[in-house]
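Structure, as structure tokens:
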Amino acid sequence: MNKPMPSKADLKQLLLAFIDDEDRAMDRQEQGSFYSQHHVGIKAGIPRASGLLGDDDLLMFYFHLLRLDILPAVKREREFELLHGAYQSMTPLLEHGWPACAMPRAQGIFLFGNDGTSALPDGETPTLATYMAYRKVWAHVTAYVSIPTMLAKRERFLPYAQDQQVLTRVMVLLRALRYLQDEDIGRVALWYWGLVYIAVLDPRAAQTVVADVAELCDRSEAWLERLELLRRCLVAADCPLLVDRLDALATLH
């Protein structure tokens, strides 16, 4: 049998207990323990939170969700304004990483256009609509367990490549990250290769990606590994001329 929906009072107490536990854990630069025990109820309560919590508590609720790398779906402008404010308050934690903050810096930049100290050069103002659109993209590129399974789903990536707003945000982020050249991230970051795959599914963007990589590549071991993974994306995207150009780059002495 399905469990009955908790009362408003019970749900409010659950959400406030989560906030309190995370507040205390954050003082130690840690994650709290309450969420792991009550995550089903807390996640189920996200859509109802704005009707139960005042602005200050709702902002902190969103703050801790983002810190745990949980991206709440929001439907109202008030909710987004508080979510955006929560993100901006959280940005100093991005540089600390786990366990203080589980959200990757690049994810925050992709969703909101900044990391608290620098902003993407597109000048796009975050809105409820852009957040929900980019949230959907991020959920997609993190839904796979391996690069082969991701590349085999070309038809599921094409709609994002054909959405000019999404494609522009992807390209601006990749270029701002210098294709991970300056990032201390493992070579197989699936979210990153999912974004690259979206980019190279657009012929013009694919040319830009290869041109950028040709300029940045220093032929280090890390770059040669990236070239191999980019090659696999280009093959899956059916870009034979760009594959040839990448192969020539990889064999230069």
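Miscellaneous remarks
- Net charge of the neighbourhood of Val137, taken over other residues with C-beta under 11 Å away and scored Lys/Arg +1, Asp/Glu -1, is +2.
- Förster radius 25 Å - calculated FRET efficiency between Ala119 and Arg219, Cβ distance, rounded to 0.05: 0.20
- Crossing angle, helix 55-67 versus the chain [Cα axis fit, 0-90 degrees, rounded to tens]: 40 degrees
- The range 42-85 shape via C-alpha gyration tensor axes, a/c threshold 1.5: rounded
- Only Lys, Arg, Asp and Glu carry charge here, each on its Cβ (+1 for the first two, -1 for the last two); on that basis the range 48-140 has a dipole of about 340 debye about its Cα centre.
- Overall form of the range 46-169 per C-alpha gyration tensor (a/c, 1.5; a/b vs b/c): prolate
- The charge dipole of the chain, taken about the Cα centre with unit charges on the Cβ atoms of Lys, Arg (+1) and Asp, Glu (-1), comes to about 860 debye, rounded to the nearest 20.
- HN-Hα J in Hz across the range 116-127 - Karplus 6.51, -1.76, 1.60, θ = phi - 60°, x for Gly and Pro: x, 10, 9, 10, 5, x, 6, x, 6, 7, x, 9
- Checking every one of the GluC sites (Glu not before Pro) in the range 151-253 against DSSP loop status and a limit of 13 other Cβ atoms within 10 Å picks out no site at all.
- Ellipsoid equivalent to the chain - semi-axes via the Cα gyration tensor, in Å: 38, 18, 17
- Here, the range 135-226 yields an orientationally averaged convex hull projection of 5.8 nm² when only Cα atoms define the hull.
- The distance from the alpha carbon centre of the range 46-102 to that of the range 12-34 is 13 Å, rounded to a whole number.
- Among residues other than Cys101 with Cβ under 12 Å from its Cβ, the summed charge is -3 (Lys and Arg +1, Asp and Glu -1).
- The chain: angle of helix 203-216 to the longest principal axis, Cα-based, in degrees nearest 10: 80 degrees
- A simple count of charges around Val172, restricted to other residues whose Cβ falls under 9 Å of its Cβ and scoring Lys, Arg +1 and Asp, Glu -1, yields 0.
- Theoretical gain in end-to-end length, Gln165 to Ala143 [0.36 nm per residue, Cα-Cα removed]: 5.8 nm
- Note on Asp57/Ser36: beta-carbon distance plugged into 1/(1 + (r/R0)^6) with R0 of 25 Å gives a FRET efficiency of 0.75.
- Over the residues of the chain, the helix contribution to mean residue ellipticity at 222 nm works out to -20500 deg cm²/dmol, using -39500 (n - 2.57) for each DSSP H run of at least 4.
- Using alpha-carbon coordinates, inclination of helix 164-176 to the longest axis of the chain, degrees: 80 degrees
- Global form of the range 98-151, assessed from the alpha-carbon gyration tensor, a/c cut-off 1.5: oblate
- In the context of the full set of protein chains, the chain has a per residue accessible area of 51 Å² (1.4 Å probe).
- Accessible surface of the range 105-241, 1.4 Å probe: 51 percent of it comes from carbon and sulfur atoms.
- Efficiency of FRET from Cβ geometry, Asp238 and Arg48, R₀ 45 Å, rounded to 0.05: 0.50
The values are calculated or read from the model by the stated rules, or taken from the named source; none is laboratory data. Only a predicted model underlies this, so the values are computations on that prediction, with no experimental measurement involved. All Cβ positions, even for glycine, are placed from backbone atoms using ideal geometry, and neighbour counts span all protein chains on display. Note: areas computed on protein heavy atoms with side chains; ligands, DNA, RNA excluded. Shrake-Rupley method; radii C 1.70, N 1.55, O 1.52, S 1.80 Å.
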